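In what follows, a structure is listed as structure tokens, so that the remarks can point back to it.
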């Protein structure tokens, strides 16, 4: 089993004003329908205030491995690092030809029956 006693606590860079701005941004993100972004802003604010990764994970009810990633993204890219990016998701099952014909199928009524 690995020994993690050599690991130092990780904290987000910033000061009290930064934490206050992040909490304002959290509110805005929540109002804009972006709860995960709001959660990340909240987590970084808590880190700047000196809360540990474990405490933040517990408060926000997220896995403890998520928080250090947020902190790393914040320390490297500030708020841009916490925004939603493109997610590849599950690979598509359509062939290139099926994708090419997809708009025709949808608009031609194959997927939507008219009354």
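Screening residue 3 with (1) closer than 21 Å to residue 84 by Cα; (2) modelled with pLDDT under 95; (3) loosely packed, with under 15 Cβ neighbours inside 10 Å gives one miss only, at (1). Of all residues in the stretch 26-62, those being out of contact with any helix residue (DSSP H, G or I) (no Cβ under 6 Å at 6 or more places or on another chain), within 21 Å of residue 16 (Cα to Cα) and not in a loop (DSSP other than H, G, I, E, B) number 5.
Of all residue pairs spaced 6 or more apart or on separate chains, none has beta-carbon atoms under 6 Å together with a first member in the stretch 15-42 that is surrounded by fewer than 15 Cβ atoms within 10 Å (Cβ to Cβ) and a second member that is at pLDDT below 95 and assigned to a helix (DSSP H, G or I).
The values are calculated or read from the model by the stated rules, or taken from the named source; none is laboratory data. Every value quoted in this text rests on a predicted model; they were computed, and no experiment measured them. So basically every Cβ, Gly included, is an ideal-geometry build from the backbone, and we count neighbours across all protein chains shown.
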